[in-house]
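Below you will find the structure I want to go over with you.
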Amino acid sequence: MNQPVQQTVDELTGLMTRKAFLETLDGLLEKAKGSDAPLSLAFIDIDHFLTINDQYGHSTGDDVLRALAVLISEAAGNDGYPARYGGDEFVIIFPGIEREQAFLTLEKLRLACEQRKIKAGNDGDVIEGISISAGIACYPMDGRLKSELMRKSDQALYRAKLTGRSKVRLAYDERMLPKTSHYTQTQLERLSKLASERQAGEAELLREALDDLLAKYGVNEIERWG
């Protein structure tokens, strides 16, 4: 596992912080673009983590987070970059790894988590395994922008949660709708110029803007369901 510098380490898990992860992803994505190499991104979330906290207490919840961090570090190996994204959500960057290979790695991680037993409190209770869900997206197949990769891997995670949890899901091609009279001619001209400047697709930029809008006013179903 690649070791983050001390000031970027999450105190509870020993993994990279969210800020360090975002900076690392920027650098690794630029390298991937320069060499035309693949890069896979995985989002991982503990199923029903709120229930664990409510039933066994936050101390046991912290034990679960630490145990999962160890397993995630092992799954990342020497070339991956694991991080705690926030709460009970984690990420791994896999430079040079196609998404099918990343999928197999995450499946092994999911099975290893199911077999990990954790002592719960002082009453002799034991948590029989950690259930996780995960979503994966890969550069350049699923997107060329950081925002696109993060959005698609997060949506794949959402689908894993929505379809029963304890699953790993890959990003998939989305059904796109044509641009219509929803936008003015000036907006479309400025969008075209911005896309050219950023070397990105117009659809990618529009989806990024819509995601920002939904994040501002919407509800994160994954966080609500756990």
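Which residues, taken from the stretch 20-55, are aliphatic (A, V, I, L, M), under 14 Å from SER131 (Cα atoms), crowded, with 19+ Cβ neighbours inside 10 Å and out of contact with any Leu (no Cβ under 7 Å at 6 or more places or on another chain)? Show your work before the answer.
Taking the stretch 20-55 first, the residues aliphatic (A, V, I, L, M) are 20, 22, 25, 28-29, 32, 37, 39, 41-42, 44, 46, 50, 52.
Filter once more, so that each one left must be under 14 Å from SER131 (Cα atoms): 44, 46, 50, 52.
Filter once more, keeping what is crowded, with 19+ Cβ neighbours inside 10 Å: 44, 46, 52.
Those that are aliphatic (A, V, I, L, M), under 14 Å from SER131 (Cα atoms), crowded, with 19+ Cβ neighbours inside 10 Å and out of contact with any Leu (no Cβ under 7 Å at 6 or more places or on another chain): ILE44, ILE52.
Determine, yes or no, whether ASP142 is touching a residue at least 12 places away in the same chain (Cβ under 8 Å), out of contact with any strand residue (DSSP E or B) (no Cβ under 8 Å at 6 or more places or on another chain) and among the acidic types (Asp, Glu). Before the answer, list the steps.
Numbers: touching a residue at least 12 places away in the same chain (Cβ under 8 Å): yes; out of contact with any strand residue (DSSP E or B) (no Cβ under 8 Å at 6 or more places or on another chain): yes; among the acidic types (Asp, Glu): yes.
Against the criterion (touching a residue at least 12 places away in the same chain (Cβ under 8 Å), out of contact with any strand residue (DSSP E or B) (no Cβ under 8 Å at 6 or more places or on another chain) and among the acidic types (Asp, Glu)), ASP142 qualifies.
Among GLU107, GLU128, which is surrounded by fewer than 19 Cβ atoms within 10 Å (Cβ to Cβ), among the charged types (D, E, K, R) and free of Cβ contacts under 8 Å to residues at least 12 places away in the same chain?
GLU128
Given the conditions (1) closer than 18 Å to GLY14 by Cβ; (2) touching a residue at least 40 places away in the same chain (Cβ under 8 Å); (3) crowded, with 18+ Cβ neighbours inside 10 Å, report the number of the one that ALA75 does not fulfil.
The number of the failed condition is (2).
Name the residues in the stretch 112-142 that are within 18 Å of THR163 (Cβ to Cβ) and aliphatic (A, V, I, L, M), would you?
Matches in the stretch 112-142: ILE132, ALA134, ILE136, ALA137.
OK, next. Going by what's in this entry, would ILE46 be described as in contact with a helix residue (DSSP H, G or I) (Cβ under 9 Å, 6 or more places away or on another chain) and at pLDDT 95 or above?
Judged against the criteria, ILE46 is a match.
Being within 15 Å of GLY14 (Cα to Cα) and either out of contact with any Cys (no Cβ under 8 Å at 6 or more places or on another chain) or surrounded by 13 or more Cβ atoms within 10 Å (Cβ to Cβ) (or both) is the requirement here; does GLY86 meet it?
Criteria met by GLY86.
Taking ARG66, is it touching a Cys at 6+ places or on another chain (Cβ under 9 Å) and of a type in the set (Lys, Arg)? Before the answer, list the steps.
Working: touching a Cys at 6+ places or on another chain (Cβ under 9 Å): no; of a type in the set (Lys, Arg): yes.
No: the conditions fail for ARG66.
Determine if the stretch 25-35 includes at least one residue that is within 13 Å of ARG84 (Cα to Cα), among the basic types (Lys, Arg), in a helix (DSSP H, G or I) and out of contact with any Cys (no Cβ under 8 Å at 6 or more places or on another chain).
No - not one qualifying residue is present in the stretch 25-35.
May I ask you to list pairs of residues, at least six apart or on different chains, whose Cβ atoms are under 9 Å apart, with the first in the stretch 187-198 being over 14 Å from LEU145 (Cβ atoms) and the second being in a helix (DSSP H, G or I)?
So the pair list comes out as LEU188/GLU202; LEU191/GLU202; LEU191/LEU205; LEU191/LEU206; SER192/GLU202.
The values are calculated or read from the model by the stated rules, or taken from the named source; none is laboratory data. It should be emphasised that the depicted structure is a prediction, and the values quoted were computed from it without experimental measurement. Quick reminder, even Gly has a Cβ in these numbers, built from the backbone with ideal geometry, and neighbours come from all protein chains shown.
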